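A.B. asks: Here it is: the structure, laid out below.
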Amino acid sequence: ELDAYADRVRMGGPSVRLSADAAQPLAMVLHELATNAAKHGALSTPAGEVEVSWGFFAGAGAGLRLRWTEKGGPPVAGPPGRGGFGSRLLRALTEQQLGGGLALNWEPDGLRATL
């Protein structure tokens, strides 16, 4: 999903084995985030970058946490005025198909998404 931006995307985390039921929705999440970054976010400018990191967390609801961090794109004034198809898709994929949660934070220097 991110090969086209390989020189501007950093990825890192422990090895993870995903079930077949999780691989496809996660790929769709990454595709949606990359598409939005290319249209409106960090990947829409030559200096923009994305960092994708993941790791495991313990405690209640233990599992895998993935972070998407954009920087170097156009200034962000806050969340979009309306939630579109992409936002609904991200929520449905993370909450319904993956059984997790999604936090979207529009920071001045770019989107921060935590799944």
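The values are calculated or read from the model by the stated rules, or taken from the named source; none is laboratory data. Since the model is a prediction, treat every value here as computed from it, not as a measurement. As a convention, Cβ positions derive from the backbone with ideal geometry for all residues, glycine included, and neighbour counts pool all protein chains shown. For accessibility, only protein heavy atoms count, side chains too; no ligands or nucleic acids. Shrake-Rupley method; radii C 1.70, N 1.55, O 1.52, S 1.80 Å.
A.B. asks: Among residues belonging to region 58-78 that are over 30 Å from D21 (Cα atoms) and in contact with a strand residue (DSSP E or B) (Cβ under 7 Å, 6 or more places away or on another chain), point out the one that is surrounded by the most Cβ atoms within 10 Å (Cβ to Cβ). Working first, answer last.
C.D. replies: First pass over region 58-78, keeping only residues over 30 Å from D21 (Cα atoms): 71-78.
Imposing the further condition that a residue be in contact with a strand residue (DSSP E or B) (Cβ under 7 Å, 6 or more places away or on another chain) reduces the set to 71-73, 76, 78.
Numbers: K71: 16, G72: 16, G73: 21, V76: 19, G78: 9.
Ranking the qualifying residues of region 58-78, first place goes to G73.
A.B. asks: State all residues of region 1-41 that are surrounded by fewer than 16 Cβ atoms within 10 Å (Cβ to Cβ) and basic (K, R); if no residue qualifies, say none.
C.D. replies: Hits for region 1-41 are R10, R17, K39.
A.B. asks: Touching a residue at least 12 places away in the same chain (Cβ under 8 Å), at negative phi and in a loop (DSSP other than H, G, I, E, B): is that true of P46 in this structure?
C.D. replies: no
A.B. asks: Name the pairs: first residue in region 9-20 and part of a strand (DSSP E or B), second residue at pLDDT 95 or above and of a type in the set (G, A, S), Cβ to Cβ under 7 Å, at least 6 apart or on different chains?
C.D. replies: Once the first residue is part of a strand (DSSP E or B) and sits in region 9-20, its partners that are at pLDDT 95 or above and of a type in the set (G, A, S) give G12/S53.
A.B. asks: Which condition number in (1) at pLDDT below 95; (2) over 19 Å from Y5 (Cβ atoms) is the one that H40 fails?
C.D. replies: (2)
A.B. asks: Related question: Within region 65-84, is even one residue among the hydrophobic types (A, V, I, L, M, F, W, C) and closer than 24 Å to S15 by Cβ? Lay out the reasoning, then the answer.
C.D. replies: First pass over region 65-84, keeping only residues among the hydrophobic types (A, V, I, L, M, F, W, C): 66, 68, 76-77.
Still in the running and closer than 24 Å to S15 by Cβ: 66, 68.
For region 65-84, residues among the hydrophobic types (A, V, I, L, M, F, W, C) and closer than 24 Å to S15 by Cβ: present.
A.B. asks: Another question, then. Filter region 42-57 down to residues that are of a type in the set (V, I, T) and within 20 Å of G78 (Cα to Cα) and give me whichever is most open to solvent (accessible area, probe 1.4 Å).
C.D. replies: Here the answer is T45.
A.B. asks: For region 82-105, state whether one or more residues are basic (K, R), part of a loop (DSSP other than H, G, I, E, B), open to solvent by 70 Å² or more (accessible area, probe 1.4 Å) and over 27 Å from D7 (Cα atoms).
C.D. replies: yes
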